[in-house]
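Below is one structure, written out as structure tokens; comments come after it.
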Amino acid sequence: MNVAFIPVRGGSKSIPLKNIKLLNGKPLVYWTIKAACECQYIDKVYVSTDSDDIKMVVESFKQCSDGDCFRKLNVIGRSALTATDTASTESAMLEFAESYDFDNIFLVQATSPLLKASDLCRGFEIFSSKNTDSVLSVVRQKRFCWSVDTLGFASPINYDVFNRPRRQDFQGYLVENGAFYISSKDALIKSRNRVSGKIKTVEMNEDSYFEIDELSDWIIVESLMKKNRHSNLSNLPDIKLFLSDCDGCLTDGGMYYSEKGDELKKFNTRDGMGFSILKERGILTGIVTSENVKLNERRADKLKLDVLKLGSKNKLHDVIDICKKFNVSLNNVCYVGDDINDVMVLKSVGFGCAPADAMPEVKSVAKFITKAKGGDGVIREIVNTLFHDKEK
């Protein structure tokens, strides 16, 4: 049996309770737990913590919209002796090994949220190769390294100053990124170390060089996650129902009036094509809006949508009712929203999206943020992204 072991202390000094502080809309530890749970070679995932607050947050993952993903998850205690500032990770691993049965162990670090299930899978496949006792994750760095002797004179370590290689021709060097390590239980107990014997590496994306130890790391990693859509486009759920708010998503949120006082709205024809593509794929479509005006009704009729909920006072309640009507799980819903009355829905569905000009509170919980602003082809961009990633 293969297990993932994720040690999570509650006593971080640099960023208090950093392991459950929100990173790109989810607690930091969520990202590595999810990657471990999605790895086909891992049978059980153990989060070891000394904190009741962390335990409560981690346990709640089983109740969220993608809770099925966390069926392998187990939260266990950790002695005070192994949770001090000076205690080694190995001490927690050995404590775990004394009480639990397993064959091989993945040590997964909660501070590496750019880790993906595919990285863990590649690591285990290397670990399973002939004459391999341990595996650790690395990234390739293409930097020129120097050393300084006792007299203060510098000399290059990994290149010839008279034959400086071009970056594309330079092999660089491998750096341990701390994301994960794999070893057998027997090797761990015998060596009392996370890696031992004949060690091989698995190379991860260069962005994964960053571990979150300081606030500056936090800012960098969150920016990378948003740039790469890491949280949004890996392991997308099977979308069966696509719902959107109207104003600020299908429109620019502006209120236009004619000389006669008629209210006007500008919709985007590209979004109309986006809904057509969804319908061709057999996906149910609809609008859920707090407004109750004829303009929205006429637009829904023209698009031949399956659902139109006008005058919604509680959008999450209404979305749940719609899901019950069509026998669709919340995890199989894509919802697009731009304002604070959309936040609870975005948190609850499998794929919550927001336009580029949505309110900050909305963008902080959305799993995907479009480059387009509201009314400028938001739906079409999401549809293109959704199916491009699935087909890829």
Review point. Is it true that some residue in the range 267-285 is over 28 Å from the mean Cα position of the chain (by Cα), part of a loop (DSSP other than H, G, I, E, B) and in contact (Cβ under 8 Å) with a residue 60 or more places away in the chain?
Key: yes
Check your understanding: Taking the range 100-148, which residues are touching a helix residue (DSSP H, G or I) at 6+ places or on another chain (Cβ under 6 Å), within 14 Å of ALA187 (Cα to Cα), part of a loop (DSSP other than H, G, I, E, B) and not acidic (Asp, Glu)?
Key -> PHE102
Revision key, fill the gap. When LYS294 is run through (1) among the charged types (D, E, K, R); (2) over 27 Å from the mean Cα position of the chain (by Cα); (3) at pLDDT 90 or above, the failure sits at (3)
Check your understanding: Among the numbered criteria (1) more than 30 Å from TYR41 (Cβ to Cβ); (2) assigned to a loop (DSSP other than H, G, I, E, B); (3) free of Cβ contacts under 8 Å to residues at least 12 places away in the same chain, which single criterion is violated by SER155?
Key -> (2)
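Considering only the range 158-193, state which residues are of a type in the set (Lys, Arg), exposed (fewer than 10 other Cβ atoms within 10 Å of the Cβ) and in a loop (DSSP other than H, G, I, E, B).
If the condition is that a residue be of a type in the set (Lys, Arg), exposed (fewer than 10 other Cβ atoms within 10 Å of the Cβ) and in a loop (DSSP other than H, G, I, E, B), then ARG166 is the only one that fits.
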Review point. What single numbered condition from (1) buried (at least 20 other Cβ atoms within 10 Å of the Cβ); (2) β-branched (Val, Ile, Thr); (3) in contact with a strand residue (DSSP E or B) (Cβ under 7 Å, 6 or more places away or on another chain) fails to hold for THR82?
Key: (3)
Point to revise | Hits in the range 316-354 - residues which are closer than 15 Å to LEU241 by Cα, touching a Gly at 6+ places or on another chain (Cβ under 9 Å) and part of a helix (DSSP H, G or I) | key: ILE322, LEU330, ASN331, ASN332, VAL345, LEU346
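Taking the range 91-120, which residues are under 29 Å from GLU214 (Cα atoms) and surrounded by fewer than 16 Cβ atoms within 10 Å (Cβ to Cβ)?
Within the range 91-120, the first condition is being under 29 Å from GLU214 (Cα atoms), and the residues that meet it are 91-96, 105-120.
The answer is LEU94, SER118.
The values are calculated or read from the model by the stated rules, or taken from the named source; none is laboratory data. This structure is a prediction, so every number in the text was calculated from the model and none was measured. Because the Cβ atoms are built from the backbone with ideal geometry, glycine has one as well, and the counts that use them run over all protein chains shown.
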